[in-house]
Amino acid sequence: MRLEAITWERLGDLLAERLLDLEPGDGSPWPRVAFDGAPAARPGDLAERVSQALRVRGRPSLVVGAEGFLRPASLRLEHGHRDVESYYDGWLDTGSLWREVFGPLEAGGNGRILPDLRDPVTDRATRSSYVRLPPGGLLLLHGPLLLRHWFPFDLSVHVLLSPGALRRRTPETEHWTLPAFERYEAEIDPVGTADVLVRADDPRHPAWGG
């Protein structure tokens, strides 16, 4: 895919413009968008930027971070604090995401979403209030390894880091997670799967295609 240099501000505006015409494939009134990328790629920053651009254009959206739906530490760390297989397969509470986020946005749903379930730092329930997303409002879900779960996204954005950039920008204490992203690239091919690709090796000068 040919990538073109762009600013983050311009990228947010262009993505927002594209999302204005996004129609869910299942008849739902709520488009669902993935912002996929390793934590070091900061896909949540782009999701927030797009949300702001949508707001200026009169379209409501809700930014949801997958880190708010991790399984309890007693389950995700059952095999140790640095188990790559668990990180890849068992950290995300996909059942809760389906129940609290995707289910309410299906055709015939009520649009009532829980924005987060568990604080990833304290491992305690957040007790957040439900948010009702009006028809036409967009879900902007960000997090790592999202494209391997068969979530019903209507458009996906992958924020890419080269292996070298990923290692440089990942804290050394988290380097044990890097093999999970190598496996993700090999098994899922997010570069080829995503509808929009953003390369962010230099955080000041992104490039994109899509």
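The values are calculated or read from the model by the stated rules, or taken from the named source; none is laboratory data. Because the structure is predicted, anything quoted here is derived from the model rather than measured. Methodologically, a virtual Cβ is constructed for each residue, glycine included, from the backbone with ideal geometry; neighbour enumeration extends over all protein chains shown. Side chains included, ligands, DNA and RNA excluded: accessible areas come from the protein's heavy atoms. Shrake-Rupley method; radii C 1.70, N 1.55, O 1.52, S 1.80 Å.
Of the residues that sit in the range 122-153 and are without any contact (Cβ under 8 Å) to a residue 12 or more places away in the chain and not basic (Lys, Arg), which one is farthest from Ala40 (Cα to Cα)? Please lay out each step first, then the result.
At the first step, the residues of the range 122-153 found to be without any contact (Cβ under 8 Å) to a residue 12 or more places away in the chain are 122, 124-125, 127, 129, 150.
After this cut, where a residue has to be not basic (Lys, Arg) as well, the list is 122, 125, 129, 150.
Working: Thr122: 21, Ala125: 25, Ser129: 29, Trp150: 23 Å.
This residue is Ser129.
Would you please list the contacts, defined by Cβ atoms under 8 Å and residues six or more apart or on different chains, that run from a residue in the range 73-98 that is free of Cβ contacts under 8 Å to residues at least 40 places away in the same chain to a residue that is open to solvent by 40 Å² or more (accessible area, probe 1.4 Å) and not in a loop (DSSP other than H, G, I, E, B)?
His79/Glu85; Gly90/Leu75; Asp93/Arg118
Find the residue count for the range 129-151, including only residues that are surrounded by 14 or more Cβ atoms within 10 Å (Cβ to Cβ), in contact with an Asp or Glu (Cβ under 9 Å, 6 or more places away or on another chain) and assigned to a loop (DSSP other than H, G, I, E, B).
Matching residues across the range 129-151 total 2.
From the list Leu97, Leu114, Leu139, which residue is in contact with a strand residue (DSSP E or B) (Cβ under 7 Å, 6 or more places away or on another chain) and not aromatic (Phe, Trp, Tyr)? Talk me through it step by step, then tell me what you get.
Details: Leu97 fails: in contact with a strand residue (DSSP E or B) (Cβ under 7 Å, 6 or more places away or on another chain); Leu114 fails: in contact with a strand residue (DSSP E or B) (Cβ under 7 Å, 6 or more places away or on another chain).
After ruling out the rest, the residue left standing is Leu139.
I'm checking my understanding of the structure. Among residues of the range 32-72 that are part of a helix (DSSP H, G or I) and of a type in the set (Val, Ile, Thr), which one is most open to solvent (accessible area, probe 1.4 Å)? Spell out the reasoning first.
Start the filter on the range 32-72 by keeping residues that are part of a helix (DSSP H, G or I), which leaves 39-41, 43-56, 66-69.
Restricting the remaining residues to those that are of a type in the set (Val, Ile, Thr) gives 50, 56.
Values: Val50: 0, Val56: 125 Å².
For the range 32-72, the residue satisfying everything is Val56.
Which one is most open to solvent (accessible area, probe 1.4 Å), of the residues in the range 117-128 that are within 30 Å of Gly58 (Cα to Cα) and out of contact with any strand residue (DSSP E or B) (no Cβ under 8 Å at 6 or more places or on another chain)? Walk me through it before giving the result.
Taking the range 117-128 and keeping what is within 30 Å of Gly58 (Cα to Cα), we get 117, 126-128.
Subset that is out of contact with any strand residue (DSSP E or B) (no Cβ under 8 Å at 6 or more places or on another chain): 127-128.
Values: Arg127: 207, Ser128: 41 Å².
Ranking the candidates gives Arg127 first.
Cβ-Cβ distance below 9 Å, separation of 6 or more or different chains: which pairs start in the range 1-21 with a residue that is under 19 Å from Leu141 (Cβ atoms) and end on one that is small (Gly, Ala, Ser) and part of a loop (DSSP other than H, G, I, E, B)?
From residues that are under 19 Å from Leu141 (Cβ atoms), the pairs are Leu15/Gly210; Arg18/Gly210.
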